[in-house]
Structures are given as structure tokens and as C-alpha cells.
Amino acid sequence: MSNSSTNNHFKVIAVTNQKGGVGKTSVSVNLALTLQTLGKRVAIFDADFGMANSHILLGVNPSHTLSDVLNGSMSMKDIMCRGPKDIAILSGGSGLLDMLNVDPAGRYQAIRMIDQIKDEIDVLIVDVPAGASDNSVSFVSASDRALVVLVGEPTSFLDAYSFIKACHLETGLSDFTVVVNMASNEAEAKKHFDKFNAIAMQFLDVRLRFGGHVPFSQRIRKSIIDRKPIALQKTDLPEVNAFRTIAKRVLDAPMNTAKGIRFFDQGTKGEG
Ligand SMILES: Nc1ncnc2c1ncn2[C@@H]1O[C@H](COP(=O)(O)OP(=O)(O)OP(=O)(O)O)[C@@H](O)[C@H]1O
Ligand SMILES: [Mg+2]
């Protein structure tokens with residue numbers, strides 16, 4: 001304990017992929033709950049503005065959203081609500097009124113205003129919307145670890161590849177942790193990862209690490225319908241173990257060294 005090299009500063013993990021429906025939100029929520037179980041204080045920033053749904057998986061109904069912050073009427077602390085295990089949620093809002101067209105100034109404001117919850121959390125998980133919009137790429141490059149969720153299909157590979165390429169070319173981001181969702185087992189997921197990694201390494205100067213797998217599971221399906229995340233269920237389930245492995249690997253992953261604005265600043269100098 002005494003000469004531990006544990007790094008206690010903030011960790012910001014962006015959960016991402018260009019493709020919709022691959023399990024970004026379900027990974028975000030279960031990873032968040034797993035980290036909370038491992039003793040971290042975790043917040044989820046649901047950056048899927050207007051279509052935020054991580055609160056639905058968590059079974060909570062936030063009364064306020066990021067639009068209340070961006071219109072100046074509330075602080076981040078005001079909109080922060082608590083879910084199971086006391087996890088904190090910052091909702092991007094769902095519904096037409098919350099359909100924010102967040103421009104660079106709004107993104108900058110949102111990222112800086114999240115500093116307000118600095119003393120209350122150890123890890124921020126950013127549920128990044130599908131697509132390779134400026135919003136998605138900026139939130140990933142503002143995080144210190146990028147976790148790409150893919151499924152073992154060629155179309156998913158193509159989307160993940162395009163997203164990694166966009167992030168890399170636009171921001172210089174080079175380190176990514178890849179999690180294979182809806183896999184049969186760890187060995188099959190690792191095969192998918194190796195195949196994907198070989199393609200990426202051939203064309204891009206990036207470093208990908210295997211972050212593990214989430215099994216394809218009817219229990220996960222049901223947990224979403226029941227609004228009771230799998231990570232809150234029996235600790236000896238394979239799904240729960242899989243999230244524990246992912247949590248450890250992602251915390252161990254190298255820091256993002258891309259330039260530009262960062263959540264919590266983290267000692268990185270932005271340009272300009
Ligand atoms: N490991 C899994 N096993 C079985 N079904 C899964 C698994 N992960 C996700 N799903 C199914 O896929 C659906 C989509 O998952 P989720 O909402 O997390 O994806 P997403 O990438 O966040 O989607 P969007 O792009 O719309 O935000 C879930 O509602 C669930 O039914
Ligand atoms: Mg989602």
C-alpha cells in the first residue's frame with residue numbers, strides 16, 4: 001500500500017462506436033456500476049443529446065438535463081441525479097426540446113462545466129452518440145481513454161474502423177481499447193479483435209488493446225427490459241465477471257495523448 005503506484009487522478013472513459021445499437025449504452029451503464037462496486041465514485045455523462053437513454057437502463061427519471069445547463073439556468077450539480085449504488089447521472093435529455101445542436105462553444109462549455117462535479121467523482125463514463133459527428137469525435141478526444149464497442153460482424157468492423165480513423169486523423173488520438181459485445185466467449189471475441197486489429201494496423205498508426213468481451217445474453221436483454229442492469233445482479237454470473245475484466249483493463253489502458261480540450265483538464269495543455 002505504502003509504495004503503491006496507483007494513479008489517483010480522474011479517469012474519463014468514452015464509450016463509443018460510429019454504429020448504433022452495438023451496446024454502447026449497456027456497456028456504459030454496466031461498466032459504471034462495476035467500477036462503483038470496485039470502490040470508485042462514478043458518474044455517467046449521457047452525451048446522446050435528445051436521445052439519452054442510459055437513465056432508462058438504470059431505472060431513474062432525471063428531472064433536468066444538459067439543456068438546463070447550457071441555457072444558463074442550472075449548474076451541473078443541479079442536474080446531477082443519482083441511480084442505483086448511488087451512481088451519478090448527467091443526462092443529455094430525451095425528447096424534442098432537448099434536441100440540442102451543440103456547437104463547438106456549447107461543447108466547450110459542457111466539458112468545462114463538468115469540472116463542477118470534480119470533488120464528487122473518481123471516474124466519468126461518457127456515453128458517446130453513434131455517428132462520427134463533431135460531437136462524438138470531440139467528446140472522445142476530450143476523454144482520457146477511448147473504449148470502442150463492436151460486435152463480431154464485418155459491418156461493425158467497418159464502422160468501428162471508420163470511427164477510429166476519424167478520431168485519429170482529426171485529433172491525433174492513437175490509443176483505443178476494444179470490447180467485443182454479444183460474443184460467445186472470450187476466445188471468440190479475441191479472434192474478432194485480432195482480425196480487427198490486423199486491419200486497423202495495416203492502414204492506421206494506432207494502438208488497439210483488447211478490453212474483453214460481453215457475452216450475448218438473454219439475461220442482458222431482460223435486464224434492459226426490467227431496467228435492472230446485469231451488474232447489479234448475482235456476482236458469479238459470467239456477464240458480471242466479464243464487466244469486471246473490462247473495468248480492470250480499461251483502467252489500465254494508456255492515457256490519451258491527443259491535443260486539445262479535456263474533461264477536468266488533467267494537466268494536458270490545449271492548443272490556443
Ligand atoms: N450482450 C448483449 N446480449 C444481448 N443483447 C444485447 C447485448 N448488448 C446489447 N444488447 C441488445 O442491444 C440493444 C442495444 O443496446 P444499446 O442500447 O446498449 O446499444 P447502443 O449502441 O447504445 O445503441 P444506440 O446507438 O441506439 O445508442 C439492447 O436494447 C439489447 O437488447
Ligand atoms: Mg446508446
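The values are calculated or read from the model by the stated rules, or taken from the named source; none is laboratory data. Here the structure is a predicted model, which is why all the values come from computation and not from measurement. Here Cβ is always computed from backbone atoms with ideal geometry, including for glycine, and neighbour counts include all displayed protein chains.
If you go through region 42-76 one residue at a time, how many are outside any helix (DSSP H, G or I), more than 15 Å from ligand 2 (Cβ to nearest atom) and buried (at least 16 other Cβ atoms within 10 Å of the Cβ)?
Adding up the residues that qualify gives 7.
Is it true that some residue in region 83-90 is modelled with pLDDT under 95 and in a loop (DSSP other than H, G, I, E, B)? No, because not a single residue in region 83-90 is modelled with pLDDT under 95 and in a loop (DSSP other than H, G, I, E, B). Count of region 131-175 residues, restricted to those that are farther than 24 Å from PRO104 by Cα and in a strand (DSSP E or B), is 3.
Keeping to region 39-50, report how many residues are under 10 Å from ASP122 (Cβ atoms) and either aliphatic (A, V, I, L, M) or in contact with a Cys (Cβ under 8 Å, 6 or more places away or on another chain) (or both).
Final tally of qualifying residues: 2.
Among the residues of region 161-199, those that are in contact with a Phe, Trp or Tyr (Cβ under 7 Å, 6 or more places away or on another chain) and buried (at least 22 other Cβ atoms within 10 Å of the Cβ) comprise ILE164, VAL178, VAL180, ALA183, PHE193, PHE196.
Scanning region 121-139 for residues that are touching a helix residue (DSSP H, G or I) at 6+ places or on another chain (Cβ under 9 Å), away from ligand 1 (no atom under 12 Å from the Cβ) and either without any contact (Cβ under 8 Å) to a residue 24 or more places away in the chain or closer than 21 Å to VAL250 by Cβ (or both) yields ASP122, VAL123, LEU124, ILE125, VAL126, VAL137, SER138, PHE139. Within region 27-41, the set of residues being away from ligand 1 (no atom under 16 Å from the Cβ), in a helix (DSSP H, G or I) and not aliphatic (A, V, I, L, M) comprises GLN36, THR37. Checked against (1) at pLDDT below 95; (2) under 29 Å from HIS192 (Cβ atoms); (3) more than 16 Å from ligand 2 (Cβ to nearest atom); (4) buried (at least 19 other Cβ atoms within 10 Å of the Cβ), PHE157 passes all but condition (4). The lone criterion from (1) of a type outside the set (Lys, Arg); (2) at pLDDT 95 or above; (3) surrounded by fewer than 24 Cβ atoms within 10 Å (Cβ to Cβ); (4) more than 12 Å from the chain's Cα centre (by Cα) left unmet by THR34 is number (3). Residues in region 117-130 that are buried (at least 18 other Cβ atoms within 10 Å of the Cβ) and either in a helix (DSSP H, G or I) or over 11 Å from the mean Cα position of the chain (by Cα) (or both): 3 in all.
Taking the listed residues GLY106, GLY21, the one that is surrounded by fewer than 24 Cβ atoms within 10 Å (Cβ to Cβ) and either in a strand (DSSP E or B) or within 13 Å of ligand 1 (Cβ to nearest atom) (or both) is GLY21, with no other qualifying. Checking each residue in region 190-218 for being away from ligand 1 (no atom under 11 Å from the Cβ) and of a type in the set (Gly, Ala, Ser) picks out ALA198, ALA200, GLY211, GLY212.
Tally the residues that are surrounded by 15 or more Cβ atoms within 10 Å (Cβ to Cβ) and either part of a helix (DSSP H, G or I) or of a type outside the set (A, V, I, L, M) (or both), restricting the search to region 201-215.
6
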